[in-house]
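Please read the structure below before turning to the comments.
The values are calculated or read from the model by the stated rules, or taken from the named source; none is laboratory data. Bear in mind that the values here come from a model prediction, so they are computed numbers and not experimental data. Here the Cβ positions follow ideal geometry from the backbone for every residue, glycine too, while neighbour counts run over all protein chains shown. Quick note on the areas: whole protein, heavy atoms, side chains included, nothing else; ligands and nucleic acids left out. Shrake-Rupley method; radii C 1.70, N 1.55, O 1.52, S 1.80 Å.
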Amino acid sequence: MKDRKITGHTGLTCLLGSPVAHSVSPAMHNEAFAYHELDYVYLAFDVSPEKFDQAVDGLTAVNARGWNCTMPHKRRMYERADVLSEEAQLIGAVNTVVQNDGVLTGYNTDGRGYMRAVRAAGHEIAGEKMTVLGAGGAASSILAQAALDGVSAIDLIARRGKSWDAVQEVADRVNRRTDCEVRMYELRDEEQMKKSIRESRILVNASSVGMSPREEGCLVPDERFLYPELIVSDVIYHPGKTRLLQMAERVGCPVFNGMYMLLYQGAYAFELWTGREMPVELVREKYFG
């Protein structure tokens, strides 16, 4: 990173969440600011839910250029935003804010990051069917953006847990507002999973199952559920090859992990704040090996 000085003109961007100490976002954004010789800084603030509104008021008062929100604040930021992008309206959550003269515009760049990763891997899935595994925030973001980008149908398969109803609300909004048909099925129905995957062009694990240190986990029971032409992806990037991706490679499927989704969601936020493109490959080489 080039030597940089903080001045009286330095613009503030940041991350609000809890916990945030592990986040790679400060390194990514500050590297990109230095690359473009932009007078901005990106910091990470550990903010509890009880202090979140105060933090947003403070950032607005000091004219921060924008900020990211991670757990547990994405839903509350959605409620606080003055203007919402199309994907944020569908998802019901905001992870990126741009401030202009006190007006807070909320975006959700997670799904955009995933769809750009699909294209970067050399695939075009508009008009195709997708199967999504999981019912958390990543699943909601991916299914909403995939629908906006022209995916024709999405089967979401997950455990009927505490996040099921929230994702069902997203699916209902997508069904009402786009031409994409979203259906939800329970994970225990293995025959339906096999049918959904066989009908799909792409499969994405949008859950945390298989993430280090529990790398043995996999929601797909075995290789018989896959076929060689199926694109298989994972939002997990540590390990670089989850059990699902290893299984898919044995079948002959093209695969990619969640590294570029992470990079590209940050790149979209950077572009919203600065109008410049994040040097994604430089950031990848320096901070993701």
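So which residues in the stretch 1-26 are in contact (Cβ under 8 Å) with a residue 40 or more places away in the chain and open to solvent by 30 Å² or more (accessible area, probe 1.4 Å), if there are any at all?
Those that are in contact (Cβ under 8 Å) with a residue 40 or more places away in the chain and open to solvent by 30 Å² or more (accessible area, probe 1.4 Å): 12, 18, 23, 24.
Being under 20 Å from residue 89 (Cβ atoms) and open to solvent by 40 Å² or more (accessible area, probe 1.4 Å): is that true of residue 183 here?
no
Kindly evaluate residue 122 against the criterion of being more than 15 Å from residue 69 (Cβ to Cβ) and at pLDDT below 95.
no
Residues in the stretch 196-207: is at least one more than 30 Å from residue 88 (Cβ to Cβ), surrounded by fewer than 17 Cβ atoms within 10 Å (Cβ to Cβ) and at pLDDT 95 or above? Before the answer, list the steps.
Taking the stretch 196-207 as the starting set, the residues that turn out to be more than 30 Å from residue 88 (Cβ to Cβ) are 198.
Now restrict to residues that are surrounded by fewer than 17 Cβ atoms within 10 Å (Cβ to Cβ): 198.
Restricting the remaining residues to those that are at pLDDT 95 or above gives 198.
Looking for residues that are more than 30 Å from residue 88 (Cβ to Cβ), surrounded by fewer than 17 Cβ atoms within 10 Å (Cβ to Cβ) and at pLDDT 95 or above, one finds at least one in the stretch 196-207, hence yes.
Only one residue in 107, 114 is open to solvent by 10 Å² or more (accessible area, probe 1.4 Å) and either in contact (Cβ under 8 Å) with a residue 12 or more places away in the chain or within 11 Å of the chain's Cα centre (by Cα) (or both). Which one?
After applying the criteria, what remains is 107.
Collect the residues in the stretch 48-86 that are charged (D, E, K, R), open to solvent by less than 60 Å² (accessible area, probe 1.4 Å) and assigned to a loop (DSSP other than H, G, I, E, B), keeping them in residue-number order.
65
Being closer than 18 Å to residue 122 by Cα and over 17 Å from the mean Cα position of the chain (by Cα) is the filter here; which residues of the stretch 206-240 pass it?
The initial filter retains those residues of the stretch 206-240 that are closer than 18 Å to residue 122 by Cα, namely 228-235.
The answer is 228, 229, 230, 231.
Just checking, does the stretch 107-126 include any residue being touching a Lys or Arg at 6+ places or on another chain (Cβ under 9 Å) and among the hydroxyl-bearing types (Ser, Thr, Tyr)?
Checked against the condition, which is being touching a Lys or Arg at 6+ places or on another chain (Cβ under 9 Å) and among the hydroxyl-bearing types (Ser, Thr, Tyr), the stretch 107-126 yields no hits at all.
Between residues in the stretch 210-229 that are open to solvent by 40 Å² or more (accessible area, probe 1.4 Å) and residues that are among the small types (Gly, Ala, Ser), which pairs lie under 9 Å by C-beta distance while being six or more apart or on different chains?
Qualifying pairs under 9 Å: 211/217; 214/208; 216/210; 223/248; 228/252; 229/252.
When you scan the stretch 87-99, do you find a residue that is in contact (Cβ under 8 Å) with a residue 24 or more places away in the chain, within 22 Å of residue 231 (Cβ to Cβ) and not polar (S, T, N, Q), even just one?
First, the residues of the stretch 87-99 that are in contact (Cβ under 8 Å) with a residue 24 or more places away in the chain: 87, 89-99.
Pick out the ones that are also within 22 Å of residue 231 (Cβ to Cβ) and you get 87.
If we keep only those that are not polar (S, T, N, Q) as well, we get 87.
Scanning the stretch 87-99 turns up at least one residue that is in contact (Cβ under 8 Å) with a residue 24 or more places away in the chain, within 22 Å of residue 231 (Cβ to Cβ) and not polar (S, T, N, Q).
Take the residues in the stretch 237-289 that are touching a Pro at 6+ places or on another chain (Cβ under 8 Å) and not in a helix (DSSP H, G or I), then tell me which one is most open to solvent (accessible area, probe 1.4 Å).
Going through the qualifying residues, I end up with 252.
Mind telling me which of the residues 112, 116 ends up being closer than 15 Å to residue 273 by Cβ and among the basic types (Lys, Arg)? If you could, list the steps in order and put the result at the bottom.
Working: 116 fails: closer than 15 Å to residue 273 by Cβ.
After ruling out the rest, the residue left standing is 112.
When the stretch 122-176 is examined, which residues are found to be farther than 19 Å from residue 94 by Cβ, in contact (Cβ under 8 Å) with a residue 40 or more places away in the chain, open to solvent by less than 10 Å² (accessible area, probe 1.4 Å) and not in a loop (DSSP other than H, G, I, E, B)?
Those that are farther than 19 Å from residue 94 by Cβ, in contact (Cβ under 8 Å) with a residue 40 or more places away in the chain, open to solvent by less than 10 Å² (accessible area, probe 1.4 Å) and not in a loop (DSSP other than H, G, I, E, B): 130, 131, 132, 133, 155, 157, 158.
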